1. Give the residues of the range 153-180 that are aliphatic (A, V, I, L, M) and touching a strand residue (DSSP E or B) at 6+ places or on another chain (Cβ under 6 Å), sorted by residue number.
2. Could you check the range 186-209 and list, in sequence order, the residues that are over 12 Å from Ser221 (Cα atoms) and in a helix (DSSP H, G or I)?
3. Return a yes/no flag: does the range 100-107 have any residue that is of a type in the set (Lys, Arg), modelled with pLDDT of 90 or more, open to solvent by less than 50 Å² (accessible area, probe 1.4 Å) and under 18 Å from Ala163 (Cα atoms).
4. Of all residues being open to solvent by less than 70 Å² (accessible area, probe 1.4 Å) and out of contact with any Gly (no Cβ under 8 Å at 6 or more places or on another chain) in the range 90-99, which is nearest to Cys36 (Cα to Cα)? Just the residue, please.
5. Give the residue, chosen from Phe271, Phe257, that is at pLDDT 95 or above, in contact with a Cys (Cβ under 8 Å, 6 or more places away or on another chain) and buried (at least 17 other Cβ atoms within 10 Å of the Cβ).
6. Which condition from (1) under 18 Å from Met265 (Cβ atoms); (2) modelled with pLDDT of 95 or more; (3) open to solvent by 10 Å² or more (accessible area, probe 1.4 Å) is the one that Lys56 breaks?
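The values are calculated or read from the model by the stated rules, or taken from the named source; none is laboratory data. This structure is a prediction, so every number in the text was calculated from the model and none was measured. Counting neighbours? That spans all protein chains shown, and the Cβs are built from the backbone with ideal geometry, glycine included. Remember, those area values only see protein heavy atoms, side chains included, never the ligands or the DNA or RNA. Shrake-Rupley method; radii C 1.70, N 1.55, O 1.52, S 1.80 Å.
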Amino acid sequence: RRPSNSLSRSRGAMNSKLTHRLLPLSEAGVAEAGDCLEAPRGLFCLPAVVNIGVQKAGTGELQTWLGAHPLMLAHGGEVHFFDGLRPSAAMLRCGQRQRINMRQRYARHLWHRRPLSRDNVGAAASSAMAAGAPLVRRLAYEKTPAYFDLSNPALLACAVPRAELLVMLRAPAARAISAYQMCAGHIHGKWCQASIDEAIGSALTRSASGSVPRLRRRHLSPQLKRLLTMGMYSAHLHRWLEHFDAAQMRILWLEHFKAEPFECMDAVQRFLGLPPHDYRASATRNEKGLWVIGKSKSSSERWDKTPPSPEVNATLHQFYAPWQRTLAELLRAHNLSLLPARPIPG
């Protein structure tokens, strides 16, 4: 269920002032997104911000840019906590015991390979808090793009119901092509050994001339099915909106980020209530002419990127067209776009 409005703090009060708390591990039951839990063997923070997807849409690049902000505490890498959970009925009910257990497990899993201290979370004593708890001055952030389509949103909502969610999307046909190219040229999976034309041609079919392509029901590998259904963005977003308020979620397109990264980062900072950071001071252009912070992840992608035939490319666009129309309606209805004046790609 969505967090109760009567219990939630405003995003401005929570994020712009960065008033998260440092609590004993035993108080996990009252911890909220962004709070840190202190145990004898370490300090573990619940994320205030979670980037839930999607794969091959620039989530790693966004993490690098956010990590450059002095008030962000980026985990780095991918966490893969919720997409690996198989929830029991008790976990989905999210009672007090399950909530405490989920928060402790999540926080420990998140930071078990990167020990935290009071110094690197920006902890400072404050008598302004009713309980006198120290304040945490940095926003903890994690990204796992597999959450978007593989995890149960109810589990993340149980652990951090007031977290802000960022979703990076990419034109779905381009995303599917890029994902298949990475599998064929870098991962070398058994399911992606065929050419992209053969793979897409075998996965999509038409019932009649001129009809919208459909997924084949039989003889389709789970991996290829997931690759294609991931681009049905509106279906996945509906699941997340059942558990998180639309005000907690924003969509950022990779195409917009590549074209105007500074405008995009301004929008991200406003959404998260962060003070502006001068990204222009540390950004440089890579060999492709794109603005990057440090070394761009995409710069190291050296595998073959032979595009599909025009026919297969057109088939992919036709397959996703109805989903893109539904997505456009969803984004308008819930004001989900970080840059609402920009048309959605693809």
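1. Residues satisfying the conditions are Ala163, Leu165, Leu166, Val167, Met168, Leu169.
2. Of everything in the range 186-209, those that are over 12 Å from Ser221 (Cα atoms) and in a helix (DSSP H, G or I) turn out to be His186, Ile187, Ile196, Asp197, Glu198, Gly201.
3. Within the range 100-107, one or more residues are of a type in the set (Lys, Arg), modelled with pLDDT of 90 or more, open to solvent by less than 50 Å² (accessible area, probe 1.4 Å) and under 18 Å from Ala163 (Cα atoms).
4. Gln98
5. From the options Phe271, Phe257, the qualifying one is Phe257.
6. (1)
Every residue, every condition in (1) under 28 Å from His236 (Cα atoms); (2) touching a Phe, Trp or Tyr at 6+ places or on another chain (Cβ under 8 Å), yes or no:
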{"residue": "Gly76", "(1), (2)": "yes, no"}
{"residue": "Val79", "(1), (2)": "yes, no"}
{"residue": "Leu85", "(1), (2)": "yes, no"}
{"residue": "Ser88", "(1), (2)": "yes, no"}
{"residue": "Ile100", "(1), (2)": "yes, no"}
{"residue": "Leu116", "(1), (2)": "no, yes"}
{"residue": "Asp119", "(1), (2)": "no, no"}
{"residue": "Pro145", "(1), (2)": "yes, no"}
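For every residue, the table says whether it meets (1) surrounded by 13 or more Cβ atoms within 10 Å (Cβ to Cβ); (2) in contact (Cβ under 8 Å) with a residue 40 or more places away in the chain; (3) out of contact with any strand residue (DSSP E or B) (no Cβ under 9 Å at 6 or more places or on another chain); (4) on the phi > 0 side of the Ramachandran plot.
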{"site": "Met182", "(1), (2), (3), (4)": "yes, yes, yes, no"}
{"site": "Cys192", "(1), (2), (3), (4)": "yes, no, yes, no"}
{"site": "Ser195", "(1), (2), (3), (4)": "yes, no, yes, no"}
{"site": "Ile200", "(1), (2), (3), (4)": "yes, yes, yes, no"}
{"site": "Pro213", "(1), (2), (3), (4)": "yes, yes, no, no"}
{"site": "Leu220", "(1), (2), (3), (4)": "yes, no, yes, no"}
